[in-house]
Amino acid sequence: MQEVSRQIHKYHSELPAGVKLLAVSKFHPVEALREAYDAGQRRFGESRADELVAKAAVMPKDVEWHFIGHLQTNKVRRIIPVVSVIESVDSERLLRMIDEEAVRAGRTDIRVLLQVHVAAEETKTGFLPEEIPAVAKTPLKAVSIAGVMGMATNTDSEARINADFAAIAAAGKALREVIPSATELSMGMSGDYPLAIAHGATSVRIGTDIFGSRI
Ligand SMILES: *Cc1c(COP(=O)(O)O)cnc(C)c1O
């Protein structure tokens, strides 16, 4: 068996019940996604609008596409026809724009996650945890807020990573006080996902450990 399918099988058998796998396929060729698909994987994560749309055009229609990168407002319209979940909503303006474009396209099934910024890196985007309850009250016509997404600091310090995942989980809890159905907690990547699962992750986003390094 090839590496990608072996890794997909490994995650499918080892992730605890209630934790889904998002295969982060950004920068990898469609052949690699096909191999993951043939191994049973249906949820894929991409971080660039053009790349997601191009891959969606050639992959089977039952793939569930998640957008996980910084989304520019002028790219929203492009991904709306094919995306299932936009995990990286990092401003209220973007949230409103996604909702408007979903209305325009007649799509009422798109879910969004609010990205929470807790990591030390300035380059990472997202809402501060204390902003989440107010953002959750944004009136929306078409899309629904399904939970939160976050990234821990890129560090060797397990204490810091644990603190970051705890803070993301707490933001998710605050969100559920406004929207009880918003139970998705997307956190954990190749290097830190076991800690994320320990903090209640419902979906882990794994790229490198499935597809190898991105150059
Ligand atoms: C690239 C990326 C991942 C996957 O990271 P790996 O370390 O390759 O597993 C997960 N989440 C987000 C938001 C990403 O941009």
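The values are calculated or read from the model by the stated rules, or taken from the named source; none is laboratory data. As the structure is a computational prediction, the values presented were derived from the model and not from experiment. Glycine gets a Cβ as well: all are built from the backbone with ideal geometry, and neighbour counts include every protein chain shown. What goes into the accessible areas is simple: the full protein's heavy atoms, side chains included, and nothing from ligands, DNA or RNA. Shrake-Rupley method; radii C 1.70, N 1.55, O 1.52, S 1.80 Å.
Straight-distance candidates among the aspartates and glutamates for linking to residue 137, with alpha-carbon spacing under 13 Å and chain neighbours fewer than 8 residues away dropped: 92, 177.
Out of every Cα-Cα pair in the range 22-104, what percent are more than 16 Å apart? Looking at the range 22-104, the distances longer than 16 Å represent 46 percent of pairs. Sparsely packed loop sites in the range 79-186 (the trypsin sites (Lys or Arg not before Pro) outside DSSP H, G, I, E and B with at most 11 other Cβ atoms within 10 Å) comprise 137, 141.
Per residue, the chain exposes an accessible area of 46 Å² to a 1.4 Å probe, with every protein chain left in place.
Normalised by 2.2 N^0.38 Å, where N is the number of residues, the alpha-carbon radius of gyration of the range 9-48 equals 1.19.
The charge dipole of the chain, taken about its Cα centre with unit charges on the Cβ of Lys, Arg, Asp and Glu (plus for the first two, minus for the last two), comes to roughly 640 debye.
Between residue 84 and residue 134, full extension at 0.36 nm per residue minus the direct alpha carbon distance yields a gain of 15.6 nm. Cross-link partners for residue 124 among the aspartates and glutamates, with Cα-Cα distance under 12 Å and sequence neighbours closer than 8 places in the same chain left out: 90.
When restricted to Cα atoms, the chain yields an Rg and a Dmax of 16.4, 49 Å, respectively. Stretching residue 162 away from residue 104 to a fully extended chain increases their span by 16.8 nm, per 0.36 nm per residue minus the current alpha-carbon distance. Our Cα-only numbers for the range 143-186 put the radius of gyration and Dmax at 11.8, 37 Å.
In the chain, taking the dipole from charged Cβ atoms about the Cα centre, the farthest positive-side position among 29, 206, 149 is held by 29. Hull volume per residue, based on the alpha-carbon atoms of the range 127-215 and their convex hull, is 120 Å³. A simple spin-label model places the labels of residue 176 and residue 2 3.9 nm from each other, with each point 7 Å out along Cα-to-Cβ.
Taking amide H as placed 1.01 Å from N in the peptide plane, the amide H of residue 89 sits under 5 Å from that of 113, 115, each at least 5 places away or on another chain.
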